[in-house]
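Enquirer: This structure is in structure tokens; I'll ask about it shortly.
The values are calculated or read from the model by the stated rules, or taken from the named source; none is laboratory data. What you see is a predicted model, and the numbers here were worked out from it, not measured in a lab. Glycine also receives a Cβ, built like all others from the backbone with ideal geometry; neighbour counts cover every protein chain displayed. These accessible areas exclude ligands, DNA and RNA; they are computed on the full protein's heavy atoms, side chains included. Shrake-Rupley method; radii C 1.70, N 1.55, O 1.52, S 1.80 Å.
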Amino acid sequence: MKKYLIILMIGVFGSGKAQNNESPIDFFSLIKNPEYVWTTTYSIKKEDDVTVIYYEFYMKDVQVGQGCIYAISKQFPEKWTKDAVQTPKGECNNKKDYKPLFYINCAASRLFTKDKERLVKEFDIYTFFVDKTDLEGPFKETSESGSAVYYNEKTDSKVIIYKYESGKWVEIENQKLGDEIPRTFGKKYIKKIAMEKIH
């Protein structure tokens, strides 16, 4: 009986810890403007390019914080960028004779909206997130084109790094953001992953 209770207690504490490491936010739900899903390419070595997909979200739009989602292909050399250019799908196929970057960006947006099953299956997906408690604002900026509201990360704010695994956003670590923003912090973090894939 005593042995059973110890095993039960370990199970309860273990599951509690796992739950604490899961984000209560589904970061996919924060993609309010899929037309702003973009790509960036890392040239690691000659002919060894890695193209990653990213989307930035802001406190003023989502009310929970701000950050950036990155997706990097699990497969290398990448197949998805070649497919995007050679055999564009859906709305990406409606435009003819555009530059390759158009088809790659269009495919990236499609992966996050209409082909999420493929995205989850073929990509490692990370979110670099700064909670609203680590933000300052709102601030208002006015120019000739109108006014904009924005928030800034505090100097001592932390960035929480989540990875999408088995249908959940799991925290893998957190670090001091320093003088960066989530997008640039994430870009460096993902570049290290890209280099590991190639070597």
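Enquirer: Which residue, chosen from Ala71, Leu135, Asn152, occupies the Cα position most advanced towards the positive end of the dipole of the chain, where the dipole is computed from +1 (Lys, Arg) and -1 (Asp, Glu) charges on Cβ about the Cα centre?
Expert: Ala71
Enquirer: About the Cα centre, and with charges only on the beta carbon of Lys, Arg (+1) and Asp, Glu (-1), how big is the dipole of the chain? Nearest 20 debye, please.
Expert: I would put it at about 660 debye.
Enquirer: Over the stretch 74-151, give the accessible area per residue in Å² for a 1.4 Å probe, as an integer.
Expert: Using a 1.4 Å probe on heavy atoms only, each residue of the stretch 74-151 averages 65 Å².
Enquirer: Rank Phe28, Asn93, Asn105 by how far each Cα sits towards the positive end of the charge dipole of the stretch 27-198 (+1 on Lys, Arg Cβ; -1 on Asp, Glu Cβ) and give me just the farthest.
Expert: Asn93
Enquirer: Exposed loop GluC sites (Glu not before Pro) only (DSSP loop, at most 14 other Cβ atoms within 10 Å): please give the longest stretch of the chain free of them, not including the sites.
Expert: Formally, the longest exposed-site-free interval is 48-143.
Enquirer: Which of the chymotrypsin sites (Phe, Trp or Tyr not before Pro) across the stretch 97-199 are loop residues per DSSP, with 15 or fewer other Cβ within 10 Å?
Expert: Tyr98
Enquirer: Please identify the cysteines of the chain that lack any partner cysteine with a Cβ under 4.7 Å from their own Cβ.
Expert: Singleton cysteines: Cys68.
Enquirer: Here's another thing I want to ask about it. How far, in degrees from 0 to 90, does helix 182-198 lean away from the longest principal axis of the Cα atoms of the chain, to the nearest 10?
Expert: Approximately 80 degrees, to the nearest 10.
Enquirer: Roll a 1.4 angstrom probe over the protein heavy atoms and tell me the percent of accessible area of the chain that is carbon or sulfur.
Expert: About 51 percent, which is the carbon plus sulfur part of the accessible surface.
Enquirer: Here is a further query. For the chain, what does the helix formula give at 222 nm: sum of -39500 (n - 2.57) over DSSP H segments with n ≥ 4, over the residue count, nearest 500 deg cm²/dmol?
Expert: That calculation yields -10500 deg cm²/dmol at 222 nm.
Enquirer: Treating the angle as unsigned and between 0 and 90°, give the value, to the nearest 10°, between the Cα long axis of helix 100-113 and the longest Cα principal axis of the chain.
Expert: The angle comes out at about 40 degrees.
Enquirer: How do Ser147, Ser23 stack up against each other in accessible area, from largest to smallest, with a 1.4 angstrom probe?
Expert: Ser147, Ser23
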